[in-house]
Amino acid sequence: MSEIKFDGRVAIVTGAGAGLGKTYALALAARGAKVVVNDLGGSTDGSGAGTKAADLVVDEIKQAGGEAVANYDSVATIEGGENIVKTAMDNFGKVDIIINNAGILRDKSFVKMTEEEWDIVNAVHLKGAYCVTQPAFKFMKASGYGRIINTTSGAGLYGNFGQNNYCAAKMGVVGLMNNIAIEGAKYNVKINTIAPIAASRLTQDVMPPDLFAKLKPEFVTPLVLYLSSEENQDTKMIFNCAAGWFSRTEVMCAEGMIIGDGKREITTEEIRDNWGKISSLDNAKPLNSVVDSFAYLGPVIS
Ligand code: NAI
């Protein structure tokens, strides 16, 4: 079996000073990638900053014989994103891989959530993915190669009590992926999204200790590396991953039904009376773009 290598590739891993991001940075470097280890070095709620988190990971990579450079910018501003990409360009001359992983939490039930809590979580997760990816995407387009991984969450995909800001931001990165996948297609830029579950400082207070011990972040790492590799030809996909479970999950469109003939009025009662078919997921499938959804209207718009 051939080994997946990253020789000659340059990767940016955001939030790589701890948890999942640290495992990605170490694993990519161990397989030959030059890595920008970005981390703001703050606490789990996004307050504070420091250089130690990123520096320690860079030291570990170098001690193992790999190549890495630290960056301490926040992903949450375009200035920060540009500087993270500049760090890759200045030190390694290009950028092939972006792993948008940096994250924080400010959990609150919906009525109690403040504007500040909403803004900071969206700024790190959603705006952060834009701020880092946009400057890198320009280089990827020019070089005709790119692999991007966004990080969503089961909370965003399926819901979780008390994580309104986080759920909204985490679905946002799926929307961003959908668009970048379409715009990147002809430049060999592939983007996918993972929904991990892993033991980290973000989850240590919300998981029972026995479960926490089993959810090693290293079980998520191989999927991220595969999606980051040249061998991966898939794009615009979402994957759950935890403790050795890997599963594709998607936003899909069901076949549904057509009411009327495109000319006559449709009544509210017809919606009620056909609710079983309208709400059914029968023959659901992912669409390549919104344009594909027009095919379902066929008979009434032709
Ligand atoms: P973690 O707290 O161990 O790591 C996140 C890292 O991001 C930290 O080192 C932190 O300093 C850094 N960071 C935070 N704000 C930053 C900013 N503005 N700029 C640069 N770096 C920043 O957390 P973990 O669990 O490793 O999370 C990684 C990603 O995975 C996050 O996006 C998280 O939302 C996501 N995730 C994690 C799950 C889990 O079970 N651990 C579940 C679902 C999603």
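A search for C-beta distances below 9 Å between a residue of segment 257-272 that is of a type in the set (D, E, K, R) and any residue that is surrounded by 11 or more Cβ atoms within 10 Å (Cβ to Cβ), counting only pairs 6+ apart in sequence or on different chains, returns Asp261/Val300; Lys263/Val300; Glu270/Ile259; Glu270/Gly260.
Of the residues Glu67, Glu60, which is more than 24 Å from Ala195 (Cα to Cα), within 15 Å of the ligand (Cβ to nearest atom) and not polar (S, T, N, Q)? Before the answer, list the steps.
Values: Glu67 fails: within 15 Å of the ligand (Cβ to nearest atom).
Of the residues listed, the single one that is more than 24 Å from Ala195 (Cα to Cα), within 15 Å of the ligand (Cβ to nearest atom) and not polar (S, T, N, Q) is Glu60.
Candidates in segment 179-200 are the residues that are in contact with a Ser or Thr (Cβ under 8 Å, 6 or more places away or on another chain) and open to solvent by 50 Å² or more (accessible area, probe 1.4 Å); of these, the one that is farthest from the ligand (Cβ to nearest atom) is Ala185.
One line per residue, one yes/no per condition, for (1) in the same structural domain as Gln63 (by TED's automatic domain parsing); (2) touching a Phe, Trp or Tyr at 6+ places or on another chain (Cβ under 8 Å); (3) acidic (Asp, Glu):
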residue	(1), (2), (3)
Ser2	no, no, no
Thr14	yes, no, no
Ala18	yes, no, no
Lys22	yes, no, no
Ala27	yes, no, no
Ala30	yes, no, no
Val37	yes, no, no
Leu40	yes, yes, no
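Can you spot a residue in segment 258-268 that is assigned to a helix (DSSP H, G or I), modelled with pLDDT of 95 or more and more than 29 Å from Val174 (Cβ to Cβ)?
So in segment 258-268, the residues assigned to a helix (DSSP H, G or I) come out as 268.
Going one step further and asking which of them are modelled with pLDDT of 95 or more, we end up with 268.
Within this subset, residues satisfying the condition of being more than 29 Å from Val174 (Cβ to Cβ) are 268.
Yes: segment 258-268 contains one or more residues that are assigned to a helix (DSSP H, G or I), modelled with pLDDT of 95 or more and more than 29 Å from Val174 (Cβ to Cβ).
Out of the residues in segment 201-223 that are closer than 25 Å to Asp45 by Cβ and touching a residue at least 40 places away in the same chain (Cβ under 8 Å), which is least open to solvent (accessible area, probe 1.4 Å)? The selected residue is Val220. Restricting segment 82-109 to residues that are touching a His at 6+ places or on another chain (Cβ under 9 Å) and outside any strand (DSSP E or B), the residue that is farthest from Asp205 (Cα to Cα) is Ala102. For beta carbons closer than 7 Å, sequence separation of 6+ or different chains, a first residue in segment 163-186 that is within 17 Å of Gly146 (Cα to Cα) and a second that is part of a helix (DSSP H, G or I) and polar (S, T, N, Q), the qualifying pairs are Ile180/Thr133.
Under 9 Å between Cβ atoms, at least 6 apart or on separate chains: pull out the pairs that start in segment 92-103 with a residue that is in the same structural domain as Val36 (by TED's automatic domain parsing) and more than 10 Å from the ligand (Cβ to nearest atom) and end on any residue that is assigned to a loop (DSSP other than H, G, I, E, B) and of a type in the set (S, T, N, Q). Within 9 Å, the pairs are Ile97/Ser229; Ile98/Thr14.
If you take the residues in segment 79-113 that are of a type in the set (Val, Ile, Thr) and farther than 16 Å from Gly21 by Cα, which one is surrounded by the most Cβ atoms within 10 Å (Cβ to Cβ)? Residue satisfying both the conditions and the ranking: Val95.
The values are calculated or read from the model by the stated rules, or taken from the named source; none is laboratory data. Predicted model only: the values in this text are computed from it and were never measured. All Cβ positions, even for glycine, are placed from backbone atoms using ideal geometry, and neighbour counts span all protein chains on display. Heavy atoms of the whole protein, side chains included, go into the accessibility calculation; ligands, DNA and RNA do not. Shrake-Rupley method; radii C 1.70, N 1.55, O 1.52, S 1.80 Å.
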